[in-house]
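Here is the structure we will look at, set down as structure tokens.
Bear in mind that the values in this text are calculations on the coordinates, not laboratory data. All of these numbers come straight from a predicted model, not from anything done at the bench. Cβ: placed from backbone, ideal geometry, glycine included. Neighbour counts: every protein chain shown.
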């Protein structure tokens, strides 16, 4: 069965929203004009609800998003059908167990099980002290890259992400020590995905990540209806931080690097 490449934004959005918005924040957000040129969407032929795969080529390493709450069996068929169309090296977000389908074609290096979490109660944001938190700009790029080098070497930050103006952080002694940012932000589709959240090891345990995330979310809720994030399932400290902000787990999936 050959996959179908979709280019109708309305049709793609309808299919994704018919599944679960929090599960597909990235796929819906990439319909935005800024991301659209690097996004390719695939599905199976037919009508009605069916899974969608997104191959996004706007990062240093292309990213494949293959997540569904509709039918794992249909997603298996879709994933298998697009293998000849995939690049030789890519990073993937897949429903648990799907990476085994790729083992005959790629070396699969699992990066573990992750949770998708969604912000469910905005009222908790109001009581958090964000007085130290400041908005970051492109002038802060060197300080930001330095912080990530120390605190989050495996980050997925790209410099263009600062253009959205949705990165916030805390400074101590003029040094940037904590940051919260986004991977996706679309006012058109009214959603955002937090990402690249990090705190310098010397300043952890002081609530700085919580304050930075709270300030970021306070800004985002002015223009979006859904805010989510991804977090590794064994990162208990981060999960507790997000739960204090009223993020709740909505799904789990596997992240992996694929190299042929």
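One table, with the values for the structure above:
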| read-out | value |
| --- | --- |
| Two-site label geometry, residue 1 and residue 80: point separation in nm, points 7 Å out along Cα→Cβ | 1.0 |
| Most mobile listed residue (240, 172, 188) in the chain, GNM with C-alpha springs under 10 Å | 172 |
| Relative contact order, percent, segment 118-251 [alpha-carbon distance under 8 Å, six or more residues apart] | 30 |
| Most fluctuating residue given options 237, 113, 28, as computed from a GNM of the chain linking Cα atoms under 10 Å | 237 |
| Nearest 10 degrees, 0 to 90: helix 72-82 Cα axis against the chain principal axis | 80 |
| FRET efficiency, 1/(1 + (r/R0)^6) with R0 22 Å, evaluated for residue 248 and residue 188 via beta carbons | 0.30 |
| Distance from segment 94-160 to segment 228-258 (C-alpha centre basis), Å | 10 |
| Three-way shape call for segment 118-251 based on the alpha-carbon gyration tensor, with the a/c threshold at 1.5 | rounded |
| Using alpha-carbon coordinates, inclination of helix 141-151 to the longest axis of the chain, degrees | 80 |
| Förster radius 35 Å - calculated FRET efficiency between residue 257 and residue 34, Cβ distance, rounded to 0.05 | 0.85 |
| Relative contact order [Cα under 8 Å, 6+ residues apart], segment 14-96, whole percent | 25 |
| Nearest 10 degrees, 0 to 90: helix 208-220 Cα axis against the chain principal axis | 60 |
| Of 75, 161, 117, the one that fluctuates the most in a GNM where the chain has Cα springs shorter than 10 Å | 161 |
| Full-extension gain in nm, residue 236 to residue 164, via 0.36 nm per residue minus C-alpha separation | 23.0 nm |
| Where labels lie 7 Å past Cα in the beta-carbon direction, separation of residue 218 and residue 150 in nm | 2.5 |
| Of all DSSP beta bridges in the chain, antiparallel share, percent nearest 5 | 85 |
| Label-point gap, in nm, between residue 171 and residue 100 - each point 7 angstrom along Cα→Cβ | 5.2 |
| Average Cα contact separation per residue, the chain, under 8 Å, 6 or more apart, as relative contact order % | 25 |
| Antiparallel DSSP beta bridges within segment 4-115, percent to nearest 5 | 75 |
